[in-house]
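Input: a single structure, listed below in structure tokens.
The values are calculated or read from the model by the stated rules, or taken from the named source; none is laboratory data. Just so we're clear, the structure is a prediction, and the values are computed from it rather than from any experiment. We place every Cβ from the backbone using ideal geometry, glycine too, and count neighbours over all the protein chains shown.
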Amino acid sequence: MKIIAFGASPSKNSINKKLATYAANLFENAEVEVLDLNDFQMPIFSVDIEKEIGEHELAKAFLAKIGGADILVVSLAENNGNYSVAFKNVFDWCTRINTKVFQEKPMLLMATSPGAKGGASVLGIAKNAFPFYGGNIKATFSLPSFDANFDAVNGKISNAELDNQLKKIIKNF
């Protein structure tokens, strides 16, 4: 079983990438590949640039990664209540090639933030929007107050109750 995981943030120390990595590695008998959005930097999408250069090779590469997955583990960064610009740009380029970006792959959709709401706004937006783009969302999880609930040194959730919630979701996935 192949899992593609990513944190939808360009931060080198992305808390969402840390959460996605942890969650993906909880799946048993899985080969996990963690993507870094920084490997998919493209010009800001516009129809003018698309007309000039065509389908961007990095968008094709991102879609190929998604296509090769059995399961997607995605943790969304929340910037002003919405997706990060880096993720939205990759997403926009990809939709021009394949509207069903997520290709009906079973998805664990998550979010975390330093705040107590744990990225609830962006998680809600994605939960409603992703199915239109081939997102087969099987479960969602929000980790509030990342710094208080995640042990960054050991790369795992430190709050036992929240950790058990995520482990139960993955067990029933």
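For the range 10-45, which residues satisfy the criterion of being closer than 20 Å to V153 by Cα, small (G, A, S) and touching a Lys or Arg at 6+ places or on another chain (Cβ under 8 Å)?
Across the range 10-45, the qualifying residue is only S11.
Looking for whichever is surrounded by fewer than 17 Cβ atoms within 10 Å (Cβ to Cβ), modelled with pLDDT of 95 or more, more than 18 Å from the chain's Cα centre (by Cα) and among the charged types (D, E, K, R) here; the options are D151, D163. Which one fits? Break it down stepwise before answering.
Values: D163 fails: surrounded by fewer than 17 Cβ atoms within 10 Å (Cβ to Cβ).
Exactly one of D151, D163 is surrounded by fewer than 17 Cβ atoms within 10 Å (Cβ to Cβ), modelled with pLDDT of 95 or more, more than 18 Å from the chain's Cα centre (by Cα) and among the charged types (D, E, K, R), namely D151.
Regarding A69, is this residue closer than 23 Å to K18 by Cα, among the hydrophobic types (A, V, I, L, M, F, W, C) and surrounded by fewer than 16 Cβ atoms within 10 Å (Cβ to Cβ)?
On the way: closer than 23 Å to K18 by Cα: yes; among the hydrophobic types (A, V, I, L, M, F, W, C): yes; surrounded by fewer than 16 Cβ atoms within 10 Å (Cβ to Cβ): no.
Answer is no for this residue.
Could you check the range 99-173 for helices (runs of 4 or more DSSP H) lying wholly inside it with 2 or more residues that are more than 30 Å from E55 (Cα to Cα) and free of Cβ contacts under 8 Å to residues at least 40 places away in the same chain?
Numbers: elements: 120-129, 146-149, 160-171.
In the range 99-173, the matching helices (runs of 4 or more DSSP H) lie at 146-149, 160-171.
For the range 2-85, which fully contained strands (runs of 3 or more DSSP E) count at least 2 residues that are of a type in the set (D, E, K, R)?
On the way: elements: 2-8, 31-35, 71-76.
Strands (runs of 3 or more DSSP E) meeting the threshold: 31-35.
If you check I4 against the conditions, is it of a type outside the set (S, T, N, Q) and either free of Cβ contacts under 8 Å to residues at least 12 places away in the same chain or over 28 Å from I169 (Cα atoms) (or both)? Break it down stepwise before answering.
Details: of a type outside the set (S, T, N, Q): yes; either free of Cβ contacts under 8 Å to residues at least 12 places away in the same chain or over 28 Å from I169 (Cα atoms) (or both): no.
No.
Report, by residue number, each residue of the range 71-89 that is more than 23 Å from A139 (Cα to Cα) and at pLDDT 95 or above.
Selection gives V85, A86, N89.
Answer yes or no: is there a residue in the range 24-40 that is at pLDDT 95 or above and under 23 Å from K117 (Cα atoms).
Step one: filter the range 24-40 for residues at pLDDT 95 or above, giving 24-40.
With under 23 Å from K117 (Cα atoms) added as a condition, the list becomes 24.
Within the range 24-40, one or more residues are at pLDDT 95 or above and under 23 Å from K117 (Cα atoms).
In this structure, is F132 closer than 26 Å to N25 by Cβ and either crowded, with 17+ Cβ neighbours inside 10 Å or of a type in the set (F, W, Y) (or both)? Can you show your working first?
Numbers: closer than 26 Å to N25 by Cβ: no; either crowded, with 17+ Cβ neighbours inside 10 Å or of a type in the set (F, W, Y) (or both): yes.
The answer is no for F132.
Residue-wise test of (1) closer than 14 Å to N89 by Cβ; (2) surrounded by 12 or more Cβ atoms within 10 Å (Cβ to Cβ); (3) touching a residue at least 12 places away in the same chain (Cβ under 8 Å).
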residue	(1), (2), (3)
S9	yes, yes, yes
I15	no, yes, yes
Y22	no, yes, yes
A30	no, yes, yes
D36	no, yes, yes
D48	no, no, no
K51	no, no, no
